[in-house]
1. Of all residues in the range 10-20 being at pLDDT 95 or above, in a loop (DSSP other than H, G, I, E, B) and of a type outside the set (Ser, Thr, Tyr), which is most open to solvent (accessible area, probe 1.4 Å)?
Amino acid sequence: MEYKAIITKTKSGRYIAQCEQLPAALTQGDTEEEALENLQDAIDLILKTEEEEIA
């Protein structure tokens, strides 16, 4: 499944990334690429946790 990422650059120059479909997936990074990588990790963790709770 594909998720939409919203990336915002802060005044301090860092990047905030969040997933529109999974509001709990919110992270940051020094670069846009790092923020996206962190967001992917957050999404994976949320999905794994939900899967474990269902089982």
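The values are calculated or read from the model by the stated rules, or taken from the named source; none is laboratory data. Predicted model, so just to flag it, every value in this text is computed and none were measured. Accessible surface areas use protein heavy atoms only, side chains included; no ligands, DNA or RNA. Shrake-Rupley method; radii C 1.70, N 1.55, O 1.52, S 1.80 Å.
1. In this case the residue turns out to be 11.
Let's see how each residue does on (1) open to solvent by 70 Å² or more (accessible area, probe 1.4 Å); (2) of a type in the set (Lys, Arg); (3) at pLDDT 95 or above:
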{"position": "23", "(1), (2), (3)": "yes, no, no"}
{"position": "27", "(1), (2), (3)": "no, no, yes"}
{"position": "30", "(1), (2), (3)": "yes, no, yes"}
{"position": "40", "(1), (2), (3)": "yes, no, yes"}
{"position": "55", "(1), (2), (3)": "yes, no, no"}
